[in-house]
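Colleague: Starting off with a structure, shown below.
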Amino acid sequence: MENKKGGDLICKRPETIVEARFKLTKKQNDILDMVFASIENDEKLKYQIDIKKYGQLYNIKNKSNIYGDLKKAIKTFEGKGFAITQKINEKKENRIYFSWFSSIQYLDGEGKIEIELGQKLKEIMLNAKKACFYQLKYSLNFHNIYSKRMYYYLKSFENSNGNNTGWRIDNLDELRSKLECPKSYNVYYEFKRLALNPAYEEINGNSDIDFEYEEIKDKKKVTHLKFHVKKNKVNQLLDAKDEVLATVTEFEEEQKETYIEKTKSIIEGVTRNKLSDKSANEIYKCATNNNEYGNAPLELIREIAEYSKSQNIKGDFVIWVKGTISKYEKPIKVTQQIAKGSFNDYEQRKYDFDELEKKLLGWDNNDEEN
């Protein structure tokens, strides 16, 4: 099956499961979405899902309720499963029954869900020839359970078809059966009012696809539904923009981590003072704001680190470094003589520290004469 792209906020749901019969609540389906987004082509059967990572996708004000709702949903997974039908020939077929999880638990105090899959179910998920790929920010925000199931059906068809517009025909009785609709939905008016139309209103305009449907009748009775699916170009353009911004942010974070490590290496190598990532980031940021050394912050940090060795610093070292960097103007060098350091062979300069201190304090020669 095609590998999942776009990170762990993109969900991959095998077509066999999309088309399978099962009855789950909205929150139970949310948990499945998070599970499918987490599974990779590896040897693991046990996964931990950080709710905080997916909680940001919900379009609700009070996101703290998400933890409690999902915790309650976990308790209701006992005895829940689904069946997959495998056709042998036109007359024979095999049905395989699965439990969703070998185990599932909510980790109190951590805000995480830990699940364990069965080996055979993991193989089916990885080896499926077709799959539905979708962004969790859409499926997690559907309020109607039938909107979620219909979205999987239609998105799966769009993906497997590959065109801008596709269509599929569903036998109405089979569709109701797949959706696990109650018997009252056997009346088409009730099915249309409580399942089909809510899905139509939620999916169209609120996801990356739009759809229309037409009723196919036999002797004035609706027996089939024909769905016409097309891409929602506006939302897909917004998705592409978000993906670019996410890539830029990821690059910036990588650069930030690089400069943090370099700052820590310089300070710790020259002064033997240990820095946290937060302190190193603050020092580096302060150095980039220096008017004269903003383009060479690491050079400035090294010079201040060298200067600190001649000072009797009694207070907080990080505060002293940041304060010194902020008022630092120019290095006062006596020689350009290079000496090998004892840590990573950093190049070290020799300074007239008396003159350097006067410069940092804002003194000049006229002050001394007066």
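The values are calculated or read from the model by the stated rules, or taken from the named source; none is laboratory data. Fair warning: this is a prediction, and the values are worked out from it, not measured in the lab. As a convention, Cβ positions derive from the backbone with ideal geometry for all residues, glycine included, and neighbour counts pool all protein chains shown. What goes into the accessible areas is simple: the full protein's heavy atoms, side chains included, and nothing from ligands, DNA or RNA. Shrake-Rupley method; radii C 1.70, N 1.55, O 1.52, S 1.80 Å.
Colleague: Hull surface divided by four, with the convex hull built on the Cα atoms of region 271-320: how many nm²?
Modeller: Over all viewing directions, region 271-320 projects a mean Cα-hull area of 3.5 nm².
Colleague: Kirkwood-based Rg over Rh for region 34-137 (C-alpha set), two decimals?
Modeller: 1.03
Colleague: Further question: Please compare each pair in 44/87; 23/192; 71/183; 26/112; 75/231 to a cut-off of 27 Å on the Cα-Cα distance and tell me which ones are over it.
Modeller: 44/87; 71/183; 75/231
Colleague: Taking Cα atoms of region 88-138, Rg/Rh with Kirkwood Rh, to two decimals? All intermediate terms of the calculation are to be shown ahead of the outcome.
Modeller: Details: Rg = 16.0 Å, Rh = 14.3 Å.
Over the Cα atoms of region 88-138, Rg/Rh equals 1.12.
Colleague: If you don't mind, another one. Looking at region 167-221, I'd like the Rg to Rh ratio, where Rg is from alpha-carbon atoms and Rh is Kirkwood's inverse mean 1/r.
Modeller: 0.97
Colleague: Once you have the Cα-Cα distance between residue 133 and residue 309, take 0.36 nm times their residue separation minus that, and quote the gain in nm to one decimal. Please list the in-between numbers first.
Modeller: Numbers: separation 176, 0.36 × 176 = 63.36 nm, distance 5.78 nm.
Extending this stretch completely gives an extra 57.6 nm.
Colleague: Mind giving me the FRET efficiency for residue 224 and residue 120? R0 is 35 Å, r the Cβ-Cβ distance, nearest 0.05 is fine.
Modeller: Result of the calculation: an efficiency of 0.55.
Colleague: With a 1.4 Å probe and all protein chains kept in place, how much accessible area does residue 192 have, in Å² rounded to the nearest 10?
Modeller: 60 Å²
Colleague: In nm, to one decimal, how far is the residue 214 label point from the residue 107 one, both placed 7 Å along Cα→Cβ?
Modeller: Distance between the two pseudo-spin positions: 5.3 nm.
Colleague: Hey, what did region 25-153 get for relative contact order, percent, Cα under 8 Å, at least 6 apart?
Modeller: Numbers: 127 pairs, mean separation 39.4, N = 129.
The value is 31 percent.
Colleague: Give me the Kirkwood hydrodynamic radius of region 77-175, using the inverse of the mean 1/r over all pairs of distinct Cα atoms, in Å to one decimal.
Modeller: Numbers: mean 1/r = 0.0600 Å⁻¹.
After inverting the pairwise mean of 1/r, the radius is 16.7 Å.
Colleague: Which of the peptides 83-94, 204-215 is most tightly packed, and how do the rest follow, going by the mean number of other Cβ atoms within 10 Å of each residue?
Modeller: Details: 83-94: 9.3, 204-215: 17.2.
Output ranking for 83-94, 204-215: 204-215, 83-94.
Colleague: Just for the Cα atoms in region 126-218, what are the lengths along the principal axes, largest first, rounded to whole Å?
Modeller: Principal axes ranked by extent give 35, 28, 26 Å for the Cα atoms.
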